[in-house]
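For reference, the structure is listed below as structure tokens.
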Amino acid sequence: MPEATPSTETETLRARLARVGERIDASARRAGRTPEDVTLIAVSKTHAAEALRQAVAAGARDFGENRVQEAEGKIAEVGRDAARWHLIGHLQTNKARRAVRLFDVIHTLDSVALVERLERLCIEEERERLEVLIQVDLAGEATKAGASAEQVPEIVAALKTCERLRLAGLMLLPPFFEEAERVRPFFRRLRSLRDGLRAAGAFGAGSREGELSMGMSHDYEIAIEEGATLVRVGTAIFGARTPVA
Ligand SMILES: *Cc1c(COP(=O)(O)O)cnc(C)c1O
């Protein structure tokens with residue numbers, strides 16, 4: 001079957017995706033890591049389903065959305081099985097049931113109460129297994145979601161009692177610095193927290209156990225140098241987001 005002529009927009013998206021992919025590979029090699037150990041999550045929040053379809057056509061397999069409501073329509077349009085869907089925004093308790101139906105991975109687990117709720121919802125929704133990451137707030141930013149490093153052990157302990165939830169790793173949304181290099185110490189601290197949990201057997205066995213979800217458009221290369229296994233890149237793939245009025 002002849003391939004449909006790609007639109008110019010698809011070509012731009014394709015070129016951007018390819019460039020991000022090349023940079024991921026280069027950063028991994030620079031750090032002596034295997035490029036395959038880094039997964040690119042295309043952060044598609046605020047962009048229309050059509051852009052996501054183009055990204056799928058260009059090879060994107062993982063998408064990050066930050067709002068359950070917005071993701072619901074887009075996932076329906078693009079197809080629940082067309083990609084792996086990651087929730088990367090704060091999860092409100094009243095949206096948790098829909099999140100359990102919609103997402104493959106939830107990056108923003110930050111309380112024992114949410115652990116208990118998600119486990120119960122998985123049972124009710126007959127969801128066999130749900131991968132979760134604990135969002136850690138390493139800067140003590142009161143305005144941001146995320147558990148403090150001190151709260152992480154109690155969340156890990158709560159997850160140990162769950163049958164459906166599987167702790168896949170840790171997620172970091174660090175403070176924004178104009179100078180990306182300044183975020184490196186936060187990436188290091190998340191990795192050392194992960195290493196401690198890994199040594200304590202929090203993740204089970206396997207090379208990808210204990211994922212590090214860190215790094216965005218302006219700092220994903222630094223994040224990869226510091227061990228990121230899931231990078232969440234929006235602007236560098238889809239272009240600037242129009243601010244929501
Ligand atoms: C929007 C967002 C991203 C992507 O940000 P870019 O700077 O556009 O790459 C990554 N992670 C989270 C949690 C986000 O909300």
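Can you give the accessible area per residue of region 105-245, in Å², using a 1.4 Å probe?
Averaged over the residues of region 105-245, the accessible area is 46 Å².
What does the charge dipole of region 122-245 about its Cα centre add up to, to the nearest 20 debye, if the Cβ of each Lys and Arg holds +1 and the Cβ of each Asp and Glu holds -1?
Roughly 140 debye, rounded to the nearest 20.
Using the Karplus equation 6.51 cos²θ - 1.76 cosθ + 1.60 (θ = phi - 60°), what ³J(HN,Hα) coupling, rounded to whole Hz, does each residue of region 163-174 give in order, writing x for Gly and Pro?
Result, ordered by residue: 9, 9, 7, 10, 6, 9, x, 10, 10, 10, 10, x Hz.
Could you grab the relative contact order for region 78-174? Cα pairs under 8 Å, six or more apart, rounded to a whole percent.
Here the relative contact order equals 28 percent.
Please report, in Å, the Rg and the Dmax of the chain, where both are computed over Cα atoms only.
Considering the chain through its Cα atoms, Rg and Dmax are 17.7, 57 Å.
Amide H to amide H under 5 Å from ALA147: which residues, 5+ apart in sequence or cross-chain, H placed 1.01 Å off N in plane?
GLN135, VAL136, ASP137
Rounded to the nearest 500, what is the 222 nm mean residue ellipticity of the chain from helices alone, with -39500 (n - 2.57) per DSSP H run of 4+ residues and division by all residues?
Calculated at 222 nm, the ellipticity per residue is -12000 deg cm²/dmol.
Using alpha-carbon pairs under 8 Å, 6+ residues apart, how would you state the relative contact order of region 103-245 in percent?
Relative contact order of region 103-245: 20 percent.
Rounded to whole Å, give me the distance from the Cα center of region 12-68 to that of region 159-180.
19 Å
Mind listing the long-range amide H neighbours of LEU165? Cut-off is under 5 Å, sequence gap 5 or more, other chains count too, H placed in the peptide plane at 1.01 Å from N.
For LEU165, whose amide H was placed from the backbone, the distant partners under 5 Å are LEU130.
Please list, ordered by chain and number, the residues whose modelled amide H lies under 5 Å from the amide H of ARG84; skip anything fewer than 5 residues away on the same chain.
ASP62, PHE63
Kindly write out, for region 218-226 in residue order, the coupling ³J(HN,Hα) from the Karplus curve 6.51 cos²θ - 1.76 cosθ + 1.60 (θ = phi - 60°), rounded to whole Hz, with x marking Gly and Pro.
8, 9, 5, 5, 5, 4, 5, 4, 9
Please list 226-232, 44-50 highest first by mean number of surrounding beta-carbon atoms within 10 Å per residue.
Per-residue mean Cβ counts within 10 Å order the peptides as 226-232, 44-50.
How large is the direction-averaged shadow of the alpha-carbon convex hull of region 158-209, in nm²?
The orientation-averaged projected area of the Cα hull of region 158-209 comes to 4.6 nm².
With charges only on Cβ, +1 for K and R and -1 for D and E, what is the dipole size of region 56-115 about its Cα centre, in debye, rounded to 20?
Around 160 debye, computed over region 56-115.
If contacts are Cα pairs under 8 angstrom and at least 6 residues apart, what is the relative contact order of the chain in percent?
Value for the chain: 20 percent.
Give, as a single signed number, the net charge of other residues whose beta carbon lies under 10 Å from the beta carbon of GLY210, with Lys and Arg counted +1 and Asp and Glu -1.
Taking every other residue near GLY210 into account, the sum is +1.
Nothing charged except the Cβ atoms of Lys and Arg (+1) and of Asp and Glu (-1): what's the magnitude of the dipole of region 53-183 about its Cα centre? Round to the nearest 20 debye.
Computed charge dipole of region 53-183: roughly 440 debye.
Of all the accessible heavy-atom surface of region 30-162, with the other protein chains kept in place and a 1.4 Å probe, what percent is carbon and sulfur?
Using a 1.4 Å probe with all protein chains present, region 30-162 comes out at 46 percent carbon and sulfur.
Per residue and in Å³, how big is the convex hull formed by the alpha-carbon atoms of region 114-165?
Taking the convex hull of the Cα positions in region 114-165, it is 73 Å³ per residue.
The values are calculated or read from the model by the stated rules, or taken from the named source; none is laboratory data. Every value quoted in this text rests on a predicted model; they were computed, and no experiment measured them. Note: ideal-geometry Cβ built from the backbone for every residue, glycine included; neighbour counts use all protein chains shown. Ligands, DNA and RNA are stripped out before the accessible areas are found, and what is left, the full protein with its side chains, is counted by its heavy atoms. Shrake-Rupley method; radii C 1.70, N 1.55, O 1.52, S 1.80 Å.
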